[in-house]
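Each remark here refers to the structure printed beneath this line.
The values are calculated or read from the model by the stated rules, or taken from the named source; none is laboratory data. None of these values were measured; they are calculated from a predicted model. Cβ placement follows ideal geometry from the backbone for every residue including glycine, while neighbour counts extend to all protein chains displayed.
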C-alpha cells in the first residue's frame with residue numbers, strides 16, 4: 001500500500017467533543033407511542049420522558065428503571081452511565097393491543113481511530129457503534145465547515161472501516177456521528 005508523502009494532519013473529531021458536558025434528551029409520550037422511538041446518546045446523558053397523552057403511561061426497562069405512572073404533562077428522567085442497548089416499553093399499554101408503545105436508547109461512545117493516508121484518500125475506523133446503528137461521516141477543510149460525505153451501517157463488530165476516496169484539497173477534519 002503506497003502512502004502519501006505529505007504528513008498526516010487529520011483531526012479526528014468524536015461523536016461529540018470529549019470535553020462536552022452531558023446532554024439532556026427528550027422523548028415525548030403520546031397515547032400509544034414514543035417520539036422519537038429510538039435515540040442514540042453518550043454515557044452520562046439523561047433522557048426525560050414527557051407524557052403528552054391523555055392517559056397514564058410509563059417508561060420501563062425491566063431491572064434498570066421503572067418510572068411508575070406518569071400522568072399527563074408530567075415527566076420522568078433517567079441518566080445512562082453504561083454503554084449498551086436499552087429497549088423499553090410502556091407496561092400499561094404494551095399488552096393491550098398497542099405493540100408500538102416501545103422504544104430504545106442506544107448509549108455509545110464513537111471514536112475515529114487508525115487514521116492513515118492511502119493512495120487517493122484517507123482511511124480510518126469508526127469505533128463504538130453497534131449493528132442496527134449507522135455512522136454519518138462529515139468532512140471539511142475547517143472545523144466550522146463540516147459537511148456530510150457518507151452514511152454507513154455499522155457491522156456486527158461495531159467497528160466501521162471507512163475510506164474517503166479523493167478527498168478535497170486540504171480536507172483534513174472529520175467527524176463521526178451515530179444515528180439510529
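Considering only segment 138-148, I want to know if a residue exists there that is touching a residue at least 12 places away in the same chain (Cβ under 8 Å), under 13 Å from the mean Cα position of the chain (by Cα), within 24 Å of residue 22 (Cα to Cα) and surrounded by fewer than 18 Cβ atoms within 10 Å (Cβ to Cβ).
Within segment 138-148, not a single residue is touching a residue at least 12 places away in the same chain (Cβ under 8 Å), under 13 Å from the mean Cα position of the chain (by Cα), within 24 Å of residue 22 (Cα to Cα) and surrounded by fewer than 18 Cβ atoms within 10 Å (Cβ to Cβ).
What are the residues in segment 66-82 that are part of a loop (DSSP other than H, G, I, E, B) and either outside the structural domain of residue 53 (by TED's automatic domain parsing) or more than 15 Å from residue 43 (Cα to Cα) (or both), if any?
67, 68, 69, 71, 72, 73, 74
Starting from segment 89-106, take each residue that is over 23 Å from residue 42 (Cβ atoms) and outside the structural domain of residue 35 (by TED's automatic domain parsing) and list its partners that are at pLDDT below 90 and assigned to a strand (DSSP E or B), counting only C-beta distances under 8 angstrom and pairs at least six apart or across chains.
none
Here is a yes/no grid of residues against (1) within 24 Å of residue 158 (Cβ to Cβ); (2) crowded, with 20+ Cβ neighbours inside 10 Å; (3) modelled with pLDDT of 95 or more:
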{"residue": "33", "(1), (2), (3)": "no, no, no"}
{"residue": "48", "(1), (2), (3)": "no, no, yes"}
{"residue": "52", "(1), (2), (3)": "no, no, yes"}
{"residue": "68", "(1), (2), (3)": "no, no, yes"}
{"residue": "86", "(1), (2), (3)": "yes, no, yes"}
{"residue": "92", "(1), (2), (3)": "no, no, no"}
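State all residues of segment 109-131 that are outside any strand (DSSP E or B) and touching a strand residue (DSSP E or B) at 6+ places or on another chain (Cβ under 8 Å); if no residue qualifies, say none.
The answer is 110, 120, 128, 129, 130, 131.
When you check residue 72 against the structure, is it crowded, with 20+ Cβ neighbours inside 10 Å and more than 15 Å from the chain's Cα centre (by Cα), yes or no?
no
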